[in-house]
Amino acid sequence: MSQAYKVDLAPVDIEPYRAGNTGIPFVTTFDSGADGPHVMVMAVTHGNELCGAIAVEWLFKQEIKPKKGKLTLGFSNWRAYQNFSAADPLASRFVDEDINRVWDEETLDGDRMTVETERARELRPLIDEVDLLLDIHSMTTFCEPLSLSGPHQKGRDFARAVSIPKYVVSDEGHAAGKRMRDYGGFGDPASAKNALLVECGQHWEKRSEQVARDVMLRYLSHCGVLDEDFVQENLWNTAKPEQKVIEVSGPYTITADQPLSWKDEYIGFEMIKKAGTVIGFDGDKEVTTPYDNCVLIMPNRIKGKGHSAVRFGRYVD
Ligand SMILES: [Zn+2]
């Protein structure tokens, strides 16, 4: 990668959390002993996304106890995270493949052996026990923070109940494979289980660690795990913006070998007025907006064939 990235965050040491207490490396469960949901916060699903590790490591140091139910803290792709280098910060997203595209049952039950399928299989029995999940991520571009609520109303309601960040993006996921947030009961509208994926800003901007902590605190407050007093004392930003929900109609999946060649410096949430506007080229094929007032979600400058270049959406409220 020839493009230089500014890295304003430093990775934290997660080695003290390797042993954990669940039999799964880098996964620790705190049990209140009282009835209540099993609530999870997951960090480093992508190894180069530091803000989640910083937030979860901070929470460990607070020595909190859940008020009810169980709280599990995990570092998903810890192997990728431990390869992080500020000199080449994109390189540690994963080891063999994206662990957030392997959560369909066929892949989990199948025989593809990669670092990530093996880690997902190791995590799976625990994830099956989790009622509420927050999966903390960050983005390549300097896009405003957003939560990915999945396609169902229950996910949008959950995002609204957590109350930050401002943007809620309701989407189906990617052609390349299922995300953890859509796995099992999380993706079943009839199940009481629920999950949010939060994108806290650009991967290495200082703001992302503040957003990650704030979303985690508000999520844990909503789930009844933490006292509101503790949450209020530790928020970086106490403001609650008016939330906006964007419904994604679908991703544009890249067909050429290389990333899209964009017509402009899109970072995300640009609204393109006219249907049919050319926004970039997939190889020599024009990529156009499918409808009027189309919002561009998480344009991607790095990934090629079979991956999502961008998702198209519209404001629904
Ligand atoms: Zn990510």
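Scan region 249-276 residue by residue and report those that are of a type in the set (S, T, N, Q) and open to solvent by 50 Å² or more (accessible area, probe 1.4 Å). I'd like the intermediate steps shown before the answer.
If we filter region 249-276 for residues that are of a type in the set (S, T, N, Q), which is where we start, we get 249, 253, 255, 258, 261.
Once the filter is applied, which keeps residues that are of a type in the set (S, T, N, Q) and open to solvent by 50 Å² or more (accessible area, probe 1.4 Å), region 249-276 yields Ser249, Thr255, Gln258, Ser261.
Residue pairs, Cβ under 7 Å, 6 or more apart or interchain, first in region 229-242 and closer than 17 Å to Ala159 by Cα, second open to solvent by 40 Å² or more (accessible area, probe 1.4 Å). List them.
Thr238/Gln232; Pro241/Lys166
With the requirement that a residue be more than 16 Å from the ligand (Cβ to nearest atom), touching a strand residue (DSSP E or B) at 6+ places or on another chain (Cβ under 8 Å) and either without any contact (Cβ under 8 Å) to a residue 12 or more places away in the chain or within 16 Å of Val215 (Cβ to Cβ) (or both), what does region 146-166 give you?
Matches in region 146-166: Gly155, Arg156, Phe158, Ala159, Arg160, Val162, Lys166.
Mind listing whichever residues of region 62-79 are within 16 Å of the ligand (Cβ to nearest atom) and either open to solvent by 10 Å² or more (accessible area, probe 1.4 Å) or not in a loop (DSSP other than H, G, I, E, B) (or both)? Outline the logic, then answer.
Taking region 62-79 and keeping what is within 16 Å of the ligand (Cβ to nearest atom), we get 74-79.
Hits for region 62-79 are Gly74, Phe75, Trp78, Arg79.
Would it be correct to say that Leu59 is modelled with pLDDT of 95 or more, away from the ligand (no atom under 16 Å from the Cβ) and open to solvent by less than 70 Å² (accessible area, probe 1.4 Å)?
Judged against the criteria, Leu59 is a match.
Name the pairs: first residue in region 201-218 and farther than 14 Å from Val41 by Cβ and open to solvent by less than 10 Å² (accessible area, probe 1.4 Å), second residue assigned to a helix (DSSP H, G or I) and modelled with pLDDT of 95 or more, Cβ to Cβ under 6 Å, at least 6 apart or on different chains?
Gly201/Arg207; Gly201/Ser208; Gly201/Val211; Ser208/Cys51
Suppose we filter region 126-145 for residues that are within 14 Å of the ligand (Cβ to nearest atom), open to solvent by less than 10 Å² (accessible area, probe 1.4 Å) and not in a strand (DSSP E or B); how many remain?
1
Looking at region 288-317, which of its residues are among the aliphatic types (A, V, I, L, M) and closer than 18 Å to Pro145 by Cβ?
Val295, Leu296, Ile297, Met298, Val310
Do we find that Glu97 is open to solvent by 10 Å² or more (accessible area, probe 1.4 Å), without any contact (Cβ under 8 Å) to a residue 60 or more places away in the chain and more than 27 Å from Pro37 (Cα to Cα) in this structure?
On the way: open to solvent by 10 Å² or more (accessible area, probe 1.4 Å): yes; without any contact (Cβ under 8 Å) to a residue 60 or more places away in the chain: yes; more than 27 Å from Pro37 (Cα to Cα): yes.
So Glu97 passes the test.
Restricting to region 167-181, and then to whatever is part of a loop (DSSP other than H, G, I, E, B), charged (D, E, K, R) and within 16 Å of the ligand (Cβ to nearest atom), can you tell me which residue is surrounded by the most Cβ atoms within 10 Å (Cβ to Cβ)? Even if it seems obvious, please write down each step before you answer.
In the first step, residues of region 167-181 are kept if they are part of a loop (DSSP other than H, G, I, E, B); the result is 171-173, 175-176, 178-179.
Within this subset, residues satisfying the condition of being charged (D, E, K, R) are 171-172, 178-179.
Okay, now just the ones that are also within 16 Å of the ligand (Cβ to nearest atom), so 171, 178-179.
Details: Asp171: 25, Lys178: 21, Arg179: 27.
Looking at the filtered set, the residue picked out is Arg179.
Please indicate, with yes or no, whether at least one residue in region 167-184 is touching a His at 6+ places or on another chain (Cβ under 6 Å) and touching a residue at least 24 places away in the same chain (Cβ under 8 Å).
Yes, some residue in region 167-184 is touching a His at 6+ places or on another chain (Cβ under 6 Å) and touching a residue at least 24 places away in the same chain (Cβ under 8 Å).
Would region 100-116 turn up any residue that is open to solvent by less than 40 Å² (accessible area, probe 1.4 Å), touching a helix residue (DSSP H, G or I) at 6+ places or on another chain (Cβ under 7 Å), among the aliphatic types (A, V, I, L, M) and touching a residue at least 60 places away in the same chain (Cβ under 8 Å)?
Taking every residue of region 100-116 in turn, at least one turns out to be open to solvent by less than 40 Å² (accessible area, probe 1.4 Å), touching a helix residue (DSSP H, G or I) at 6+ places or on another chain (Cβ under 7 Å), among the aliphatic types (A, V, I, L, M) and touching a residue at least 60 places away in the same chain (Cβ under 8 Å).
The values are calculated or read from the model by the stated rules, or taken from the named source; none is laboratory data. Just so it is clear, the structure is predicted and the values come from calculations on it, not from any experiment. Backbone-built Cβ (ideal geometry, glycine too); neighbour counts: all protein chains shown. Please note that ligands, DNA and RNA were not included when accessible areas were found on the heavy atoms of the full protein model with its side chains. Shrake-Rupley method; radii C 1.70, N 1.55, O 1.52, S 1.80 Å.
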